[in-house]
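Okay, structure first, notes after.
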Amino acid sequence: MTGMTRKEFSAALFGVGAISALGSGKGDFKVAQRPSPFEPSKMLSYIGFGGGKRFPEKDGGKLSQYATFDYDTAARGIEYALEHGVNFFDSASAYHLRGDSERFYGKVLSKYPRNSYTFCTKMSPWSIKTLQDGKDLFAEQLDRCQMDSFDVYMLHTVLREEDF
């Protein structure tokens, strides 16, 4: 393990002192799991890791969707989450610059067996004008994430009928 405490984990990734869902007492803990609605033979954590939008900045400054994030701290957070039973991870093509969130997840999660976690990402409709645009983006996302498939795929921020 990386030697990171729950408090350090939550402060590094979310800028807060503790996350109540991860517990506030001392000692080890595990996040409860339940059968996955996507793959019933697979267990899915009750808590998901949705930090793909705002990872900590390198300079320790205010969290920003467009900042260059601190890869090492964010990777330690993912590893900590996995070691404590969290196995649902969320990203999107629009998170961080140029799909960096998806690239990051691909790099970190590629160290783990693909069936040990559930991964969700999203397609942003404002970046799609044609069906071919959507197919191209989907292929780029698979490549960035170093995956052959996604467990969950969503349309992101659908605000108008034409977005759908």
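All of the numbers you see were taken from the coordinates with simple rules; none came from a lab. Note that the structure is predicted; figures quoted are calculated from it, not measured. Backbone-built Cβ (ideal geometry, glycine too); neighbour counts: all protein chains shown.
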Low-density loop cleavage sites - trypsin sites (Lys or Arg not before Pro) in the range 134-164, where at most 16 other Cβ are within 10 Å (DSSP): 160
Prolate/oblate/rounded call for the range 74-132, Cα gyration tensor, a/c under 1.5 rounded: prolate
